[in-house]
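Nothing in this text is a laboratory measurement; each read-out follows from the coordinates by a stated rule. As the structure is a computational prediction, the values presented were derived from the model and not from experiment. Cβ atoms come from the backbone with ideal geometry, glycine included; neighbour counts cover every protein chain shown.
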Amino acid sequence: MKKLSARRRHPLAAVVVLLLALAATGGLYAAFAPAGKAQADETAQSLAIEEGKKLYTVGCASCHGTGGQGTTDGPSLVGVGSAAVDFQVGTGRMPAQQPGAQVPEKRNIYSQAEIDQLAAYVASLGPGPITPTEKQYSPQGADIARGGDLFRTNCAQCHNFTGAGGALTHGKYAPPLTDVSPKHIYEAMQTGPQNMPSFPDTIMPEKEKKDIIAYIRTVNDDRTATPGGFALGGVGPVSEGLFGWIFGLGSLIAVAVWVAAHTAKAKKS
Amino acid sequence: MSTTTASDSKRKAPAGERVADWADGRLGIYGLAKANMRKIFPDHWSFMLGEICLYSFIIIILTGVYLTLFFHPSMNEIEYHGSYVPMQGIRMTEAYASTLDISFDVRGGLLIRQIHHWAAVIFLAGMFVHMMRVFFTGAFRKPREVNWLFGFLLLVLGMFTGFTGYSLPDDLLSGTGVRFTQGAILSMPIVGTYISMFLFGGEFPGHDMVARFYSIHILLLPGIMLGLVVAHLILVFYHKHTQFPGPGRTNNNVVGMPLLPVYMAKAGGFFFLVFGVIAVISGMFTINPIWTMGPYRPDQVSTGAQPDWYMGFAEGLVRVMPGWEINLWGHTLVLGVFIPLVVFGLMLAAIALYPFIEAWITGDKREHHILDRPRNAPTRTALGVAWVTAYMIMLVGGGNDIFATHFHLSINAITWFVRIAFFAGPVIAFIVTKRICLGLQRRDRDKVLHGRESGIIKRLPHGEFVEIHEPLSQAQRYSLTAHEQYTPAEIGPTVDENGVERKPTRMQKLRAKLSKGYYGEGNQIPKPTVEEYQEITSGHGHH
């Protein structure tokens, strides 16, 4: 005790007291923390919604309205569901850079955790399609041939035979499906983003969606084998004709010019 | 002649000579060889465009024969169990299944298929360019009008042979193309439905289409084409080849190299070069990957469905035409398809008839073996460029969706551009081309009279700077002035020598008007005369 009182006027005493006080406060907080944790467990969802709303206010509200009710610049998000948010933000389409015929895919700047929070907030506005789990969209063991048949029946009229993409009216387009993740393909079918019609489970059951995903992964992927050589974009006879004219006939004319330039000459003696 | 008698056969002739003698005794080859072995052909790369077509045609026939060994022209439905996984278990016609087999299970099948198809694309493109060469150099003039028509028929038959071949695999892309054609047939008033029923053996698509197209594709059309190719070549031999103007070249001679050995070697070598280039392209670049398209089913369709390029302008005509139709007395006249069909026919007919129209305007009955330089026939050249412009614009129309996606444009904007440009483009092209031709004629005239600009600047004693013009050689001056310039046809005096009034017919008036447009003042630059040249070079110093 003497030692303590002897040093009570030491220049560092105040600092020590402050540290002790802080430690005590921290300890007290730690003591109360379990109760706080229990509360958080109950409202993990609400916390995500809370965080999502913050992200929403920054990135989305200017077009979709402060409460997701929609404005003249963007549609209402009530009832679009978390799957729509996961697709639109996950592929970088949303937040949109500028208005236009169609919002293009671009680099996504949100982390998956942030996307989940945004999705949680938008899902809280009204019931809609839920972000699929890997079990739902994984193409493992799906029927590729049947997927191809379904793709040609339901998708090819806009996306082309193998999903190379195609034009729609007034500058809109069906984007190419090369290297789109199975999750995003699934979500697009589920929610019908932008100009695409939606294919809910009542119309196209989960298994058929998997078949289609498996087909796209087989025929339109970086690893897809092209047994005929370079695919020239896979968009059909237009690129083939252009190639045939420029490189086919072009090189033959070059050869003809070369042959004509090398003619027999009269021998000079 | 080779009438070897017993008396002079003491020494034994070499084997080759004996074989030749044997053949001559039965086929008369010595006479043929004597007449043709030393046949002269002029040298110019553009004269080899026809060879590209001939060789690619031969390649198509050779590869086509190989394909017939494995292709089943049948529309019986079967389930696919070949080696291409994404089609396993899909129901399809035998035609499609056998094309998949050719692509994946027949040794060399895919390469041969691709050579066949690439060669067809190049064959048609080659014919197009060959025809443009003949057109722009005026090689279609007398005596070659009939050969022009043969060539024209080859182009049109080539288009339809290509179309029927493209339809054979019965894949979703080609089926869409056949459906398109059936729509065009149906749009013909009165006869359309009958022709469609006759062609497809009932309702589209029926079960006969592939087998019928097969015999058309491998027998009927190529048979006619082969005959036309032979006739085309015989006429080239008979007329002798045309040549560009130059010293020593007249309408009555051909300056060049003999068929044997020079052209035999060149042509033979060129064949292998053509085959080689096509084989390399076919080995490296996919064409018509039917395995990605799936079997044809009338309830399925894909975007980006186009025909091969040579049918592209027909596709364009239909794509950009507004969907007009007239409904009267329970019948529909689909103008949206029928008008394009008529325009398609008119655009082709325009090429076929042009030599006769020009001959009528010039009234020239003489033979022409010296080619025109395109600039020296400004109106013809401008008309040709106008036609090509219309054609190219329609190709853009035919690929409007691909242009939309790849250039990030609105498909509607492209369609409207094509609609306007189809009418405005040829007019602009005509005017611009004609001005360019006249400008080039002026330049030629200038070169002949004043010589070539040497780029050397000389300062005269009194300080003036002049550029030294080097006079052209006599040969160059000859080449630049060898062309003939027509004077516009006149209607002639409207009163004859007896003072009786003569009324010119409407055709005469039209001809005079067209002739003036071709050869009147301002539509060609008078070439320099000898007097003009002498006056300038007679020593009055520099112009």
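Quick notes
- Model label sites at B:ARG107 and B:ALA424, defined 7 Å from Cα along the beta-carbon direction, differ in position by 6.0 nm.
- The simple Förster model, with R0 at 51 Å and r as the Cβ-Cβ distance, assigns B:LEU220 and B:TRP329 a FRET efficiency of 0.85.
- Within region B:283-365: Cβ-based charge dipole about Cα centre, in debye rounded to nearest 20 (Lys, Arg +1; Asp, Glu -1): 80 debye
- Simple spin-label estimate for B:ILE457 and B:ARG212 in nanometres, 7 Å along Cα-Cβ: 7.5 nm
- Cβ-derived FRET efficiency at R0 60 Å, B:ALA20 paired with A:ARG223, nearest 0.05: 0.45
- The angle separating the long axis of helix A:81-90 from the principal Cα axis of greatest extent in chain A is about 70 degrees.
- Lysines whose Cα lies under 25 Å from that of B:LYS240, excluding same-chain neighbours fewer than 8 positions away: A:LYS265, B:LYS34, B:LYS39, B:LYS142, B:LYS266, B:LYS365
- Cut-off under 5 Å, modelled amide H: who pairs with B:PHE285 long-range: A:PHE230
- Here the relative contact order of region A:25-133, from alpha carbon pairs under 8 Å that lie six or more residues apart, stands at 33 percent.
- A cut-off of 5 Å between modelled amide H atoms, ignoring neighbours fewer than 5 places along the same chain, links B:GLY294 with B:LEU172.
- Considering only beta bridges that DSSP places wholly inside chain B, some 95 percent are antiparallel.
- Length-normalised contact order of chain A in % [C-alpha pairs under 8 Å, at least 6 apart]: 15 percent
- Among the trypsin sites (Lys or Arg not before Pro) in region B:477-543, those located in a DSSP loop and surrounded by at most 13 other Cβ atoms within 10 Å of their own Cβ are B:ARG502.
- Summing charges over neighbours of A:THR224, with a neighbour being any other residue whose Cβ is under 14 Å away from its Cβ, gives -1 when K and R count +1 and D and E count -1.
- Note on region B:122-164 and region B:324-361: Cα centroid distance 20 Å, given to the nearest whole angstrom.
- ³J(HN,Hα), Karplus 6.51/-1.76/1.60, whole Hz, each residue of region B:257-263, x for Gly, Pro: 10, x, 4, 10, x, 5, 6
- Residue among A:GLN194, A:GLY241, A:ALA256 farthest towards the positive dipole end of chain A, charges placed on Cβ: A:ALA256
- In this calculation the C-beta distance from A:ALA14 to A:ASN108 is compared with R0 = 45 Å, giving a FRET efficiency of 0.30.
- Normalised contact order of region A:134-219, rounded percent, pairs of Cα under 8 Å and 6 or more residues apart: 43 percent
- Each label point was placed 7 Å from the Cα along the Cα-to-Cβ direction; for B:TYR486 and B:ARG38 their separation is 3.8 nm.
- Exposure proxy order (Cβ contacts within 10 Å, fewest to most) of A:CYS158, A:CYS63, B:CYS53: A:CYS63, A:CYS158, B:CYS53
- Total lysine pairs under 19 Å (Cα atoms) in region A:134-219, excluding pairs fewer than 8 apart on one chain: 7
- Relative to the Cα centre, the charge distribution of region A:134-219, modelled as +1 at Lys and Arg Cβ and -1 at Asp and Glu Cβ, gives a dipole magnitude of about 100 debye.
- Sorting B:THR292, B:THR362, B:THR415, B:THR93 from the fewest to the most surrounding beta carbons within 10 angstrom yields B:THR362, B:THR415, B:THR93, B:THR292.
- When chain A is treated as a GNM with alpha-carbon contacts under 10 Å, the residue of A:ALA24, A:ALA145, A:ALA174 showing the greatest mean-square fluctuation is A:ALA24.
- For region B:400-415 and region B:254-320, distance of Cα centres in Å: 25 Å
- As a proxy for reagent exposure, ranking B:HIS408, B:HIS241 by other Cβ atoms within 10 Å from fewest up yields B:HIS408, B:HIS241.
- Cα long-axis angle, helix A:206-219 against chain A (0 to 90 degrees, to the nearest 10): 50 degrees
- Gain upon complete extension [A:MET196, A:THR71; 0.36 nm per residue less C-alpha separation]: 42.9 nm
- Charge dipole (chain B, unit charges on Cβ, about Cα centre) - positive-most of B:ILE112, B:PRO14, B:ILE102: B:PRO14
- Shielding by other protein chains, B:266-272, mean Cβ within 10 Å: 2
- Under 5 Å from the amide H of A:TYR173 lie the amide H atoms of A:LEU168, each residue being 5 or more positions distant or on a separate chain, with H modelled from the backbone and absent for Pro and chain starts.
- Computed from point charges on the beta carbon alone (+1 for Lys and Arg, -1 for Asp and Glu), the dipole magnitude for chain B about its Cα centre is near 1500 Debye.
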